[in-house]
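No value in this document is a laboratory result; all are computed from the given coordinates. Not measured: the values here are computed from a predicted model. Cβ coordinates were reconstructed from backbone atoms using ideal geometry, including for glycine residues, and neighbour counts include every protein chain displayed.
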2 protein chains.
Amino acid sequence: MSAIQENLKKSNIEYASTFDKGHLPLPPGKKYLVLTCMDARIDPAAALGIDLGDAHVIRNAGASARDALRSIVISQQLLGTREIVLVKHTGCGMLTFSNDDARALVKQNLGQSAAAEVAGLDFLPFGDLEKAVREDVEFLRGSGVVITESEGQGSQAGGGRVSGWVYEVESGKVREVV
Amino acid sequence: MSAIQENLKKSNIEYASTFDKGHLPLPPGKKYLVLTCMDARIDPAAALGIDLGDAHVIRNAGASARDALRSIVISQQLLGTREIVLVKHTGCGMLTFSNDDARALVKQNLGQSAAAEVAGLDFLPFGDLEKAVREDVEFLRGSGVVITESEGQGSQAGGGRVSGWVYEVESGKVREVV
């Protein structure tokens with residue numbers, strides 16, 4: 001067992017020893033989902049005030065809405081969430097490379113056949129953080145398979161809204177973009 | 001601004017007021033990634049002992065390795081992670097429906113054109129929890145674009161290993177499957 005696995009087991013024994021949330025139901029209590037990045041410097045529960053049982057939390061490289069589409073449809077259609085909170089962040093790894101860079105690394109580290117496997121894969125990097133937030137929110141609002149409302153309607157009707165935020169890994173602060 | 005957005009802003013002001021981790025670097029300090037489900041009842045940092053900055057955390061519906069492949073390749077190739085910890089959980093929503101069920105719901109709630117959009121989408125549900133853990137670990141170990149080692153090698157070499165776990169939402173406990 002690796003040091004990482006030993007830490008997991010040990011930490012979990014402590015967590016479970018005081019665990020008292022075994023009664024929580026499957027559907028998120030506050031009917032929303034948070035989509036954010038896999039970045040190691042983000043603790044969504046603590047930084048965004050998500051209590052256990054409140055919300056689905058989807059995380060992938062760059063908080064990509066396209067990449068999260070399957071999960072979002074399941075969250076909404078099977079488990080009744082209505083509001084989407086999209087959070088990208090400063091210092092994101094996705095700002096630091098291109099698809100060509102990623103493919104070259106795969107080829108260098110894993111060889112030609114691995115490179116062929118990812119030749120058609122879009123790693124979904126982006127060059128401008130706030131623009132990427134806006135574009136992903138637009139993508140969700142424009143999707144025929146995602147429940148959203150336009151900003152004005154959402155503010156009034158109380159359902160189906162989607163907002164886009166930036167989390168600052170330097171300060172721990174969020175700011176709303178759209 | 002919705003109640004959810006107001007809660008986010010208020011909670012974050014409190015979080016940021018004592019935040020002192022602005023110095024953490026982009027690559028995960030412990031060079032591992034956790035892949036788990038978006039389920040609202042899982043707090044990976046607390047339940048699995050992940051300190052801020054230690055690990056990438058990828059979350060999607062069902063902790064699907066296939067769905068996470070783009071993020072895993074980025075995590076390994078661009079940001080140097082080597083160990084993968086896969087955690088599925090009891091009471092998972094993915095155990096409760098089939099692809100046909102999901103497509104029927106989309107059609108009922110969003111209409112025919114939305115149904116057409118998801119006609120080719122695999123929602124990746126599964127019928128047996130432990131089997132799904134084993135299959136996803138096998139998928140990762142067999143993938144040409146994921147850095148892994150066989151179990152024996154991994155235990156000795158200290159890198160590239162992948163383990164599969166079940167988290168019990170009823171007790172807060174994890175157990176290793178593979």
- Task: Restricting things to alpha carbons, tell me how big region B:1-104 is in terms of Rg and Dmax, in Å.
- Result: 16.5, 48
- Query: So which of A:K107/B:K9; A:K30/A:K131; A:K30/B:K173; A:K88/B:K131; B:K9/B:K131 end up more than 32 Å apart, counting from Cα to Cα?
  - Reply: A:K107/B:K9; A:K88/B:K131; B:K9/B:K131
- Item | Other copies of B:N109: label-to-label distances in nm, shortest first, labels 7 Å along the beta-carbon direction | 3.7
- Query: Closest to the A-onto-B rotation axis, which residue of chain A has its Cβ, and how many Å off the axis is it?
  - Reply: A:R59, 2
- Query: Any idea what log10 I(q)/I(0) is at q = 0.11, 0.13, 0.14 Å⁻¹ for chain A, Debye with uniform C-alpha scatterers and no solvent?
  - Reply: -0.59, -0.79, -0.90
- Message: Which one, B:A61, B:L26, B:I42, is farthest towards the positive end of the dipole of region B:1-140 when Lys and Arg carry +1 and Asp and Glu -1 on their Cβ?
- Response: B:L26
- Task: Work out from phi, with θ = phi - 60° and the Karplus expression 6.51 cos²θ - 1.76 cosθ + 1.60, the ³J(HN,Hα) of each residue of region A:21-26, listed in order in whole Hz, and give x for Gly and Pro.
- Result: 10, x, 8, 4, x, 4
- Which distances, in nm and shortest first, link the B:G127 label point to the same label point in every other copy, taking 7 Å along Cα→Cβ? 4.9
- Shielding by partners, peptide A:86-92 (average Cβ within 10 angstrom, other chains): 1
- Task: For chain B, set up a Gaussian network in which alpha carbons nearer than 10 Å are linked by springs, and say which option among B:L48, B:L86, B:L35 fluctuates the most.
- Result: B:L48
- Here the net charge surrounding A:E117, from other residues whose Cβ is less than 14 Å away from its Cβ (Lys, Arg +1; Asp, Glu -1), is +3
- Task: Please report how far the C-alpha centroid of region B:1-55 lies from that of region B:109-142, rounded to the nearest whole angstrom.
- Result: 27 Å
- Rounded to a whole number, what is D in µm²/s for region B:48-137 from Stokes-Einstein with the Kirkwood radius over alpha-carbon pairs (10 °C, 1.306 mPa s)? 105 µm²/s
- With θ set to phi - 60° and the Karplus curve 6.51 cos²θ - 1.76 cosθ + 1.60, what are the ³J(HN,Hα) couplings of region A:165-178 in order, to the nearest whole Hz, using x for Gly and Pro? 10, 10, 9, 9, 5, 7, 10, x, 9, 9, 9, 7, 9, 7
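Between rounded, prolate and oblate, where does region B:45-88 land on the alpha carbon gyration tensor, with a ≥ b ≥ c its root eigenvalues, rounded for a/c under 1.5, else prolate if a/b exceeds b/c?
Oblate, because a/c is 1.5 or more while a/b does not exceed b/c.
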- What percent do you get for the relative contact order of region A:51-157 when only Cα pairs under 8 Å and 6+ apart count? 31 percent
- Message: Test of understanding: express the Cα radius of gyration of the protein assembly as shown as a ratio to 2.2 N^0.38 Å, with N the residue count.
- Response: 0.93
- Item | Using θ = phi - 60° and Karplus 6.51 cos²θ - 1.76 cosθ + 1.60, couplings along region A:99-115 (whole Hz; Gly, Pro as x) | 4, 5, 4, 4, 5, 5, 5, 4, 5, 5, 8, 10, x, 5, 6, 5, 4
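Per residue of B:72-84, count partner chain C-beta atoms within 10 Å of its C-beta, then hand back the mean as an integer. Please report the intermediate quantities before stating the final value.
Details: counts 3, 11, 12, 5, 4, 13, 10, 6, 0, 2, 2, 4, 1.
Whole-number average of other-chain Cβ neighbours for B:72-84 is 6.
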- Note on the structure: Averaged over the residues of B:93-102, the number of partner chain Cβ atoms within 10 Å of each residue's own Cβ comes to 2
- Note on the structure: Sorted shortest first, the nm distances from the A:Q5 label point (7 Å along Cα→Cβ) to its counterparts in the other copies are 4.6
